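Below you'll find the structure, written out as structure tokens, and then a few comments.
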Amino acid sequence: MARPIVAIVGRPNVGKSSLFNLISKKQIAVIHDQPGVTRDRLYADVNWMDECFTIADTGGLEMAPEDRLIDSVKLQVEVALNEAAIILFVVDAMTGMMPQDLEIANALRQSEKSVFVVVNKVDNERLRTGSGELYALGFDNLFFISCTHNEGLSSILDEVVAALPKVEVEADDSASSKAIKIAIVGRPNVGKSSLINRILGEERMIVDERPGTTHDAVNISFMHNHIPFELIDTAGMRRKTAIDDKLEQSTVQRAIRSIRQSDISWLVVDADREIARQDKTIASYIARQGKACILAINKWDLIEKDNSTYNEFVESIYAQLSQLSYVPLLFVSAITGRRVTNLLDLSLDIHSEYCTEVPTHELNDLLMRLKNEHEPPRSGKIRPTLKYITQIKTRPPTFLIFARHPNKIPDHYEAYLINGIRKTFGFNGTPLRIYYRSTNAKSG
Ligand code: GDP
């Protein structure tokens, strides 16, 4: 299996090579230049916490003397977007945000890749506090480091290996974790607590409240249609205190923690308010974590409706939360109770899709059909060829395709494959992942 690639990008002089050298030096592996193939790039194999990846310094492209700098940066980003699983986007705390950083950020944001913003040259506390403007780049993962002082590297590497695509087949869950785990997330005051109380009230079930995995978390277990459910980290939701009027940051952090532990996230938004940046941040996180999801549009009772209201809402919400295009949407009201039970019923359906395993022969019949309709496009003289597909994992459903020149398969073709899989097998509300294994004589 080819190692996933983690690419470093950024404008000149922000410290890309320093970062690359530090990360690769931490490792046993030799940095190997690949003359001829990718003349200007450097690669190093990295092993951190028993996880392997290849770090790529696309910044090597700056060296091409005939390039104007702006073009070389574009090229870096393009290369990174093509081949990397994760992108480390380096910016400079000393100079602050520059127009070129914004250009890079715009290009990166248009992709589905995980992007970590690495704020380098944070040599002192003043520089760290001065770096708040960098959140304007639009990414929620910011790391503050100093390559000169060799500070902050480990936390980046920890997060990188946590976010690497996983391809091993997971062991079956033990009986104790069979409950469908639901994270109810969203901004303050969208009605999360009201939803929980409504569900617990309606179900008249025996509620088992117990501590969650972090010290201040509380999980609630109950049965619905004889199926065990567990609401993750409901602390502070049922019994509100003034302290619960949390800051924006901690709302997102709390959401992230509970999403991680869940199978399905209900992203609750308020029908009576605009979609906000925080909603988008949480939506991206759900998608990146490969979690199933339902969009719960709450307070639907407050909306004056005519014939077009429903369609307008649907269209506008999907346009703004485009990360969650695979997710179904329910208009609910915690106050009147409308469609609240549907949330649970739909979660049951989605959970079963999240855990579905498609037989290999059915997948290969589909792959054949999709290839016949559209071959992967040529890239220069090379045409990638798809040979065989198999599902290697559920939760989320993950597929492995054996292919020649898989790194030449463009994103739009992968989207076509994913669409084909969805049309044939459903997978409502569930993200799908595709990984590739190269069948070239030499890996690549
Ligand atoms: P949380 O911060 O997301 O847990 O939000 P709460 O559940 O505390 O709700 C915030 C406010 O919105 C409260 O005043 C609720 O009574 C109100 N609310 C919640 N759900 C609904 C709903 O479906 N319709 C209406 N009209 N108000 C609601």
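The values are calculated or read from the model by the stated rules, or taken from the named source; none is laboratory data. Note that the structure is predicted; figures quoted are calculated from it, not measured. Because the Cβ atoms are built from the backbone with ideal geometry, glycine has one as well, and the counts that use them run over all protein chains shown. For accessibility, only protein heavy atoms count, side chains too; no ligands or nucleic acids. Shrake-Rupley method; radii C 1.70, N 1.55, O 1.52, S 1.80 Å.
Key figures
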| quantity | calculated |
| --- | --- |
| Residue among LEU370, LEU348, LEU295, LEU344 that alone is closer than 30 Å to ILE227 by Cβ, part of a helix (DSSP H, G or I) and open to solvent by less than 20 Å² (accessible area, probe 1.4 Å) | LEU344 |
| Residue list for the stretch 27-50, filter: surrounded by fewer than 16 Cβ atoms within 10 Å (Cβ to Cβ) and modelled with pLDDT of 55 or more | ASN47, MET49, ASP50 |
| In the stretch 137-149, residue farthest from VAL14 (Cα to Cα) [restricted to those that are modelled with pLDDT of 85 or more and open to solvent by 50 Å² or more (accessible area, probe 1.4 Å)] | HIS149 |
| Out of ALA171, ALA217, sole residue that is modelled with pLDDT under 90, open to solvent by less than 10 Å² (accessible area, probe 1.4 Å) and over 22 Å from the mean Cα position of the chain (by Cα) | ALA217 |
| Close pairs (8 angstrom Cβ cut-off, 6 or more residues apart or separate chains): touching a residue at least 12 places away in the same chain (Cβ under 8 Å) in the stretch 424-437, among the charged types (D, E, K, R) and buried (at least 21 other Cβ atoms within 10 Å of the Cβ) anywhere | PRO431/LYS291 |
| Residue list for the stretch 262-280, restricted to those being buried (at least 18 other Cβ atoms within 10 Å of the Cβ), of a type in the set (Val, Ile, Thr) and within 16 Å of the ligand (Cβ to nearest atom) | VAL268, VAL269 |
| Residue in the stretch 223-234 that is at pLDDT below 80 and in a loop (DSSP other than H, G, I, E, B) present | yes |
| Verdict on GLU414 being within 25 Å of LEU164 (Cα to Cα), of a type in the set (Asp, Glu) and without any contact (Cβ under 8 Å) to a residue 40 or more places away in the chain | yes |
| Residues (assigned to a strand (DSSP E or B) and surrounded by fewer than 20 Cβ atoms within 10 Å (Cβ to Cβ)) located in the stretch 401-432 | PHE402, ARG404 |
| Close pairs from the stretch 105-125: first at positive phi, partner open to solvent by less than 50 Å² (accessible area, probe 1.4 Å) and outside any helix (DSSP H, G or I), Cβ under 8 Å, at least 6 apart | LYS121/VAL14; LYS121/GLY15; LYS121/ASP92; LYS121/ALA93; LYS121/SER146; LYS121/CYS147 |
| Condition met for TYR388 (assigned to a loop (DSSP other than H, G, I, E, B) and either out of contact with any Asp or Glu (no Cβ under 8 Å at 6 or more places or on another chain) or acidic (Asp, Glu) (or both)) | no |
| Hey, PRO359 open to solvent by less than 30 Å² (accessible area, probe 1.4 Å), of a type outside the set (Phe, Trp, Tyr) and at pLDDT below 95 or not | no |
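Table: residues versus (1) buried (at least 18 other Cβ atoms within 10 Å of the Cβ); (2) at pLDDT 95 or above; (3) in contact with a Ser or Thr (Cβ under 7 Å, 6 or more places away or on another chain).
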{"residue": "GLU304", "(1), (2), (3)": "no, no, no"}
{"residue": "PRO328", "(1), (2), (3)": "no, yes, no"}
{"residue": "VAL332", "(1), (2), (3)": "yes, yes, no"}
{"residue": "PRO384", "(1), (2), (3)": "yes, no, no"}
